[in-house]
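The values are calculated or read from the model by the stated rules, or taken from the named source; none is laboratory data. Keep in mind that what you see is a predicted model, and the values were worked out from it rather than measured. Positions of Cβ are generated from backbone atoms using ideal geometry, with glycine treated the same way; all protein chains shown enter the neighbour counts.
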Amino acid sequence: MADSVDLLLESEALAEARQVMELLEGDGGEVTCWLTLGWFFWYRHGELDSAQERQKELETAIEMFNPCFVAGVEDDLLPAELLPAIATLSSRVAIMWIRPASGQPVYEQLSAAIELLRRAVGALPDQDRERGPMLSNLAMALQIRSQYGAKLSDLDAAISALKSAVSLLPASDLDLPAVLSNLSVALRSKYEYTGRLADLTSAIDAGKRSVDATSEQGQLLGGNLANLAAAQLSLFGRTGESALLDEVIKNLWRAVAWFPPGQHERAGILTNLGVALRERFQRTDDMDDLEKAVKVGRESIELTPIGHPDSATFLSNYGVTLSTRFDRTGFADDLSEAIEVGRRAVQTTPDGHAAKPVRLAALGTSLIAHAGRTGFPADIDEAVEVSREALMLIPPDHANISICLNNLAVALWTQFERQADLAVLDEAVEVGNQALQATPDDHPDLGSRLSNAGLWLWTRYERTGRLADLNEAVLLGERAVEIIPSHPPEQLIALSNLSATIKVRFDETGTAADINRAIEHARAAVRAVSDDHPLSPRLNSNLAGLLAARFTQADDVADLNAAVESAGKAVVAAFASGDPYTGRYLSSFGAILAIRYDRTDDLADLEVAIKASRDATKAAPPDYPQRANYLLNLGNMLLTRLKRNGIQSDADEAHSAFSSAAEMAVARPSTRIVAARAAARLDIDSNTGRAARFLETAVRLLPGAAPRRLGRSDQQRALAELAGLAGDAAALALSDTEVLDEEARAWRALQLLEAGRAFMLNRALDIRTDLSELRAKHPDLATRFEELRDLLELDQESEQGRLGAAEIPGRHRLAEELRRTFERIRANEEFAAFGLPPSNEDLICEASVGPIACFNITAYRCDALILANGKISHKELPDLTEAALVNEVAGFYSALDTVTKVDASLRERQAAQSRLLEMLSWLWDVAAGPVLDAVDLPDIANPRIWWVTGGLLGLLPLHAAGHHREVPHTGMGRRTVMDRVISSYTPTIRALGHARDKERGMRQSGKALVVAMPTTPGIQGRLTHVLAETRSIQSLLPDSVLLVGNGGIVGMQSATKSNVLGYLEGCAIAHFACHGVVDPIDPSQSRLLLQDHRTDPFTVAGLDGVRLDQAGLAYLSACNTAYSNSANLLDEAIHLTSAFQLTGFSHVIGTLWEVDDEISARAAADFYGNLRTDDGFLDLARSPQALHSAVLRLRDRFPTSPSLWASYLHAGA
């Protein structure tokens, strides 16, 4: 052993060792070489006498062991005594990996540094003075790595390391302030991921301790102050507390003062200072703060070398500040520079970096502003693309996901505003909902996001007419205004959005409280800005619209004049600022001036209105969806001037405006329809063919104007605004002499009527088609189709939630999937016509059993289209006019009122009955008689005919038309309908086909349900003959169930809605003997009064989702079951009779008006007796004949009292 030691001390050995060292320094060498050298010098250290030489050899040994430790050599291969020193030296290598000279650290190097530092920390004794700084370095590496992949576990490990370091360092240790400051940074980083306020509070506490522990005045204090301020700035962003923001700015000014101008270390402080000043500007509108924010932001970039790890942060912050200044000043160069630096920030952020989503979101905000300014599709698409990428990259549990979601929703809404793709708007609403759900209830941005969400819902209402969206928009807007602090611009925008939304709801409801409240909000917003503020045009225009709306209700000229003044201010401010929505403000200004012209007849107002409206159409891009409204406004104003001066050029320009609006594919379908009708009216006298084409186009737009995605009530409202469209289109088609073939004109008219009348019923039939063949060949498609149909027919009208979230799933998604399912089904050749409207051949086939007469009554002309004997013909009705029909209907029901009036005298009632007979004679002369004379009826007893009355004519008993005072009632010359044919009704020919499809194979009765309501809760009096009626019927229906109301038969089941619906399933016959009520406002709420009608009414709408496979006959022995008096929805045939047809009943017996209790019992008994066959069964196919015979018997018994017998009708097969 002595010889070995001697060898270590020989000079030749030392020289050779140093030669090896030189060789290793060149190529790194093998770890074993370094290990050998380390042990060589370590042993030499132990044998040398000189303390100086021993120290030198010790340091060399540590240096040689360092690569071994770095390479992962196990600790037991190294001298235990040297491990702390080796670990300390190795940590410096880790620091070089963390902060490479190239700038951006490499992820693999970071991971290696972390493992090395962890091992180094483990090699140190618990109380080693190097342990604290080393833990701090480990934490720094973990923090940096957490930014590459957003690993929360790395942040947690960093915080744990720093807390351990703090616990190791005494209060007097000079490293303690830096470690505490680093802990503050780590805790803030964790807050930015999790959004947990406890982390942020701890970050601020650590930051304050670091500042307090810093004894020296200098750059260390400045850095620690800056880190504290950064945590406080984050807290401000979470709470919105203004005093805290002031403290942040003060601390950052103090911090930056410790760093001389030109020193790079200023940059990080300056970028945060810029953010803080920008935030304060947004709350105070102090332009000095904004200018300072731009200045310090620019300096932070200038101080930062290209490629520096922090340069992307500084660029992104500066870009947001520039974008903010653009929002305030409208200076386009700011926005261009904001996009440029935003792109640089994104490009210089490494892939996988945690900050990349937020930087993409910031760039997206600038791009959205630019897209809103230019309207270029490429700009809008890029804004959406960038916003999508940000959302895709951010972890789903990250606190900033709400920012990315909100930005994407804004981008999508902007895209919809220009491109009018409803699917894009739906996505904006859904993503906005997700942003709200991801935003804490106490977050300062919640108010602006609520306001945005309300805006998107309002936009969707404007496009689709879904009233629930509008109501939800108001609720969200109100909540936004409540929680947003009183500072610009968020509150101003929220006030503006809310007031505009309330104004739209006022247009729907006319509620004065709504409009007064909206005006208060709008005035408050206008008062808060100067005339040159970028929001001034928007705020003034909103106020003008509200004041004009209130004028239309209250007729206060002061409101109207104030509206004109505010609208004018909006236009002036918009021109001054180059506002991209100048066209909108011009059009609004023109519309308000037109209102004042109507009030004052001051031609000057009209001239300015026309000029403003004309300028609006020029200011808007040709493909801007709202331009259609501007064109419509212009056209209407020109027509107003035309009425005054009769100048043809006004008519020509109006026609051009209307036709342009009608042809805009991106415009709202209902707007296009209104424009097409206006253009057609101008063409009627001079160019009937073109007018006909306009209205045909309008009818084809109906599916978009009342889309399936809407609930029933919203569809009804949309269709009510377009009443009479199909009839007008058919009338002009018949008048279009450009089509030479008369039969072709008739087919075109009939197809338009089939497409545009009973629109909702036909749409329901689309999805009620027989699926048996489809199920046999494509069972998966049939199953999915059935599922979608069932979901769409659910009543979701009353469900509301945050942004419509109660729709589970949303109707718009269901409707879109149903559309795609239709396409998939029709892609199969044998199902190419699945769910499509019937062809001409299909329609003519329906007339093989008997003729079908389809009436069309319009202001233009009155006709009947007749399908019979395998062909179509048309019968003009020159003696029938729409005006005359209106008068006759009013007179008819006035006479009916007199007949049933309690205090009417016998003479008055007899006179009223006589008037009814006269009107039935008139109805024969102008309508029924000419049609029957034109039809070649088969030479058989009691031939059948089907009436498609449509609209107002459906309120009169066409089946009872005739000269009933003439005798006898037999012979070919008889002039009454019921003495010549058996009448049936159908809303459309397509509905008739559906009824016949259901009837096939069902000739005899099965189970029956009988509902009797002799008394009705809430209704005085008693239907005396109801129980007798139902007993008589039950005697003919052995397999029947009887449901009765209170006061009926003791022990019987109650006639509640749930019981009725339960027993209807599987029944072939349903008989109701009860009261019926017609809702004059919403015909879908017309109902049969059952036991629980006050809490759970049995309505037309309530039958939407009911499908009965075994249904054959429904006898509605109640009042008004085939009647609807909602004037704008008469074409839709919304009443109980059609509702029962839709559920599956092939035959429905209904009534047009209130029927006598005793007569009803007699009619029902006769009817069921007539159904009975010789073998005792009830043949439901005889229903038309059975009713016809029963009514004839009543007519012959009470010939001078048509009110008793003319009400009953048969609808269906």
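Tabulated data for the structure shown
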{"quantity": "Where a residue in region 620-632 is closer than 10 Å to residue 419 by Cα and in contact (Cβ under 8 Å) with a residue 24 or more places away in the chain and its partner, wherever it lies, is crowded, with 20+ Cβ neighbours inside 10 Å and not hydroxyl-bearing (Ser, Thr, Tyr), with Cβ under 6 Å and at least six apart", "calculated": "625/420; 625/667"}
{"quantity": "Condition check for residue 939: within 30 Å of residue 844 (Cβ to Cβ), at pLDDT below 95, among the acidic types (Asp, Glu) and exposed (fewer than 15 other Cβ atoms within 10 Å of the Cβ)", "calculated": "yes"}
{"quantity": "Residue within region 464-471 that is out of contact with any strand residue (DSSP E or B) (no Cβ under 7 Å at 6 or more places or on another chain), of a type outside the set (Asp, Glu), outside any helix (DSSP H, G or I) and crowded, with 20+ Cβ neighbours inside 10 Å present", "calculated": "yes"}
{"quantity": "Extreme residue, surrounded by the most Cβ atoms within 10 Å (Cβ to Cβ), among residues of region 781-813 that are at pLDDT below 90 and aliphatic (A, V, I, L, M)", "calculated": "803"}
{"quantity": "Residues being crowded, with 18+ Cβ neighbours inside 10 Å and either in contact with a Leu (Cβ under 8 Å, 6 or more places away or on another chain) or closer than 22 Å to residue 532 by Cα (or both) - total across region 547-573", "calculated": "15"}
{"quantity": "For residue 1107: the one exception among (1) at pLDDT 95 or above; (2) among the basic types (Lys, Arg); (3) under 51 Å from the mean Cα position of the chain (by Cα)", "calculated": "(1)"}
{"quantity": "Region 337-351, residues that are assigned to a helix (DSSP H, G or I) and touching a residue at least 24 places away in the same chain (Cβ under 8 Å)", "calculated": "338, 339, 341, 342, 344, 345, 346"}
{"quantity": "Residue check for residue 888: over 44 Å from the mean Cα position of the chain (by Cα) and assigned by TED's automatic domain parsing to the domain that holds residue 953", "calculated": "yes"}
{"quantity": "Matching helices (runs of 4 or more DSSP H) fully within region 149-214 where at least 2 residues are within 15 Å of residue 232 (Cα to Cα) and under 44 Å from the mean Cα position of the chain (by Cα)", "calculated": "176-194, 197-213"}
{"quantity": "Count - residues of region 1046-1076 that are surrounded by 18 or more Cβ atoms within 10 Å (Cβ to Cβ), in contact (Cβ under 8 Å) with a residue 24 or more places away in the chain and out of contact with any helix residue (DSSP H, G or I) (no Cβ under 9 Å at 6 or more places or on another chain)", "calculated": "6"}
{"quantity": "Positions within region 702-739 being under 22 Å from residue 839 (Cβ atoms) and surrounded by fewer than 19 Cβ atoms within 10 Å (Cβ to Cβ), in sequence order", "calculated": "703, 739"}
{"quantity": "One residue from 679, 692, 675, 657 being within 27 Å of the chain's Cα centre (by Cα) and among the aliphatic types (A, V, I, L, M)", "calculated": "675"}
{"quantity": "Residues located in region 1165-1187, provided they are crowded, with 24+ Cβ neighbours inside 10 Å and within 28 Å of residue 895 (Cβ to Cβ)", "calculated": "1167, 1187"}
{"quantity": "Residue pairs meeting the criteria (Cβ under 8 Å; at least 6 apart or on separate chains; first in contact (Cβ under 8 Å) with a residue 12 or more places away in the chain and in the same structural domain as residue 1170 (by TED's automatic domain parsing), in region 1020-1033; second among the hydroxyl-bearing types (Ser, Thr, Tyr) and in a helix (DSSP H, G or I))", "calculated": "1025/1160; 1029/1160; 1032/1168; 1033/1168"}
{"quantity": "Residues satisfying the stated conditions in region 374-413, i.e. farther than 27 Å from residue 148 by Cα, aliphatic (A, V, I, L, M) and surrounded by fewer than 24 Cβ atoms within 10 Å (Cβ to Cβ)", "calculated": "378"}
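Listed here are the residues, each with its yes/no results for (1) hydrophobic (A, V, I, L, M, F, W, C); (2) out of contact with any Pro (no Cβ under 9 Å at 6 or more places or on another chain).
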residue: 1159; (1), (2): yes, yes
residue: 1166; (1), (2): no, yes
residue: 1172; (1), (2): no, yes
residue: 1181; (1), (2): yes, yes
residue: 1192; (1), (2): yes, yes
residue: 1195; (1), (2): no, no
residue: 1200; (1), (2): no, yes
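Yes/no per residue for (1) under 32 Å from the mean Cα position of the chain (by Cα); (2) at pLDDT below 95:
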residue: 292; (1), (2): no, no
residue: 310; (1), (2): no, yes
residue: 315; (1), (2): no, no
residue: 322; (1), (2): no, no
residue: 332; (1), (2): no, yes
residue: 341; (1), (2): no, no
residue: 370; (1), (2): yes, yes
